[in-house]
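The values are calculated or read from the model by the stated rules, or taken from the named source; none is laboratory data. Here the structure is a predicted model, which means the values were calculated and not measured. So basically every Cβ, Gly included, is an ideal-geometry build from the backbone, and we count neighbours across all protein chains shown. We work out accessible area using only protein heavy atoms, side chains counted, and drop any ligands, DNA or RNA first. Shrake-Rupley method; radii C 1.70, N 1.55, O 1.52, S 1.80 Å.
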Amino acid sequence: MLKSEYLQRVYDQVVTRDPDQKEFHQSVLEVLESLDMIVDKHPEYEENAIIERFVEPERVISFRVPWVDDAGKVRLNRGYRVQFNSAIGPYKGGLRFHPTVNLSVMKFLGFEQIFKNSLTGLPIGGAKGGSDFDPKGKSDAEVMRFCQSFMTELYRHIGQFVDVPAGDIGVGGREIGYLFGQYRRICNSYDAGVLTGKGLTFGGSLTRTEATGYGVCYLGQEMLRCMKNDSYEGKTVIVSGSGNVAIFACQKATELGGKVVAMSDSNGYIHDPNGINLDVLKDIKLNRRGRIKEYVDQVPGSTYTEGFRGIWTIPCDIAMPCATQNEITGEIAQVIVKNGAMAVVEGANMPCLPEAVKTFQSAGLLFAPSKAANAGGVAVSALEMSQNSMRYSWTFEEVDAKLKEIMVNIFHNAYDASVECGVSGDLVVGANIAAFNKVVDAMLAQGLI
Ligand code: NDP
Ligand code: 2IT
């Protein structure tokens, strides 16, 4: 139960309106629990129906995506774009292609994106999109035809000043290339800033590929430094997942002196007590689109175990879940605590269930929520938009330095907000409040929209 009657009423309405949208309810409740600490001091929120507006997307687009497979059979998927909030800038957020995509998942991700994008300090609103299409096992030609069909509808809803999609699960450089090609063909215009995560030969930014994973570690590093006078040096680290975010989180954690001993995919996990060999991992995942179990064929001393949640039974100092939402349950969190971990840094969006977050926090672990910790990807996306507008490219080192500065600022803004709220070091509350304040200011200043 929330203390504020107003917030409880808004939450009840969210649940009543869309009773099946469990992931969306979860992300809304977490934010309302944070706002519960400050809402009494802000009668203007209720007077202006601010929270009601905040939890209702500005626009939801759902469309059919027909495409032809290699056997000549017509297939059909469902596409979405949830344009959640554009108070501080054009809608911005990734596209996810995965069979689990539905409106609840799109709305939770779009809602989280409003806060994350606000925290970057850059002028970008919140959105998310995607499809229940599964790129796994599809040929390049099938993926291309699907992307072309997807963009044939999406193009009319996006634009560099309107809405700027990027990648997420199942959408990487290959997919963004096909999507951009189709956008350009339909619009007859080289609007590079309409998509981010593009290839380097057609307007992409250096460091975008690495940005989310690097950013997770930069934020983790600042958190360890400021809150425990510590670092990644000599720490045992576990990174779940083995996609874009996980690979570059593993790389940066290793560069910072940590030893990553386990990674996973949706089938199982590998344990390599000597530290993950990144060359082998990258070759399997990035060059061959293979499965993580292939790692053990090439690296003596490593083992593979079926089932992706078992990874958390391995002891570690720093846990970095970088696969997908709701991976870490309350029970798993207790195991992580019992094994002596000191910090959890969320790379995926909402990978820890609420009871897991509470378990970590009450056991005194440092906890960096995804909204803050994985904002580096979208931050460099916004830097890609800047470079596209300037018709200019920064070097890898320049973008990396800006990314680091942004992540350090995000930590301090969230930390300072937690102190102001009287819950010093609770970065969940701090990130929610710091992000919310900026968006609400912009909403109030712009009148009833
Ligand atoms: P990828 O598609 O590159 O990789 C996803 C990884 O997570 C794969 O290892 C995949 O395993 C695993 N995974 C996906 N779904 C499930 C599932 N249902 N159960 C278990 N494992 C699963 O995606 P990203 O690395 O880009 O994204 C990972 C997370 O990071 C997501 O939560 C995403 O929203 C978030 N994120 C991504 C950003 C980006 O810039 N790409 C930015 C900020 C956040 P398998 O191969 O078996 O499916
Ligand atoms: O969840 C995310 O922040 C992303 N998938 C990246 C979004 C973006 O626009 O770069």
(message) Among the listed residues 121, 89, identify the single one that is touching a Leu at 6+ places or on another chain (Cβ under 8 Å) and either of a type in the set (A, V, I, L, M, F, W, C) or surrounded by fewer than 24 Cβ atoms within 10 Å (Cβ to Cβ) (or both).
(response) 89
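Residue under question is residue 109, and the condition is that it be hydrophobic (A, V, I, L, M, F, W, C) and either outside any helix (DSSP H, G or I) or touching a Phe, Trp or Tyr at 6+ places or on another chain (Cβ under 8 Å) (or both); does it hold?
Taking the combined requirement at face value, the residue does not satisfy it.
Restricting to the stretch 181-202, give me the number of residues that are away from ligand 2 (no atom under 14 Å from the Cβ) and either closer than 14 Å to residue 385 by Cβ or part of a loop (DSSP other than H, G, I, E, B) (or both). Step through it out loud before you land on a result.
Taking the stretch 181-202 as the starting set, the residues that turn out to be away from ligand 2 (no atom under 14 Å from the Cβ) are 181-192, 199-202.
Of the ones still in play, those that are also either closer than 14 Å to residue 385 by Cβ or part of a loop (DSSP other than H, G, I, E, B) (or both) are 188-192, 199.
Selection size over the stretch 181-202: 6.
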(request) Mind listing whichever residues of the stretch 265-295 are open to solvent by 40 Å² or more (accessible area, probe 1.4 Å) and either within 18 Å of residue 134 (Cα to Cα) or part of a helix (DSSP H, G or I) (or both)? (result) 266, 267, 279, 282, 283, 286, 287, 288, 289, 291, 293, 294
(request) For residues that are of a type in the set (Val, Ile, Thr) and within 14 Å of ligand 1 (Cβ to nearest atom), scanning just the stretch 364-398, find the one that is nearest to residue 431 (Cα to Cα). (result) 378
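Please find, among 104, 149, the residue that is away from ligand 1 (no atom under 13 Å from the Cβ), part of a helix (DSSP H, G or I) and within 30 Å of residue 414 (Cβ to Cβ). Spell out the reasoning first.
Values: 149 fails: within 30 Å of residue 414 (Cβ to Cβ).
One residue alone meets the criteria, 104.
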(request) Could you run through the stretch 186-227 and say how many residues are within 19 Å of residue 413 (Cβ to Cβ), more than 13 Å from ligand 1 (Cβ to nearest atom) and not hydrophobic (A, V, I, L, M, F, W, C)? (result) 5
(message) Would you confirm whether or not the stretch 72-81 contains a residue that is within 25 Å of residue 172 (Cα to Cα), out of contact with any strand residue (DSSP E or B) (no Cβ under 6 Å at 6 or more places or on another chain), touching a residue at least 12 places away in the same chain (Cβ under 8 Å) and surrounded by 19 or more Cβ atoms within 10 Å (Cβ to Cβ)?
(response) no
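In this structure, does residue 63 turn out to be within 12 Å of ligand 2 (Cβ to nearest atom) and either in a loop (DSSP other than H, G, I, E, B) or open to solvent by less than 30 Å² (accessible area, probe 1.4 Å) (or both)?
Working: within 12 Å of ligand 2 (Cβ to nearest atom): no; either in a loop (DSSP other than H, G, I, E, B) or open to solvent by less than 30 Å² (accessible area, probe 1.4 Å) (or both): yes.
No: the conditions fail for residue 63.
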(request) Determine which single condition residue 203 fails, assuming it passes every other condition in (1) among the small types (Gly, Ala, Ser); (2) open to solvent by 50 Å² or more (accessible area, probe 1.4 Å); (3) in contact (Cβ under 8 Å) with a residue 40 or more places away in the chain. (result) (2)
(request) Considering only residues that are open to solvent by 60 Å² or more (accessible area, probe 1.4 Å) and assigned to a helix (DSSP H, G or I), look in the stretch 370-400 and name the one that is nearest to ligand 2 (Cβ to nearest atom). (result) 389
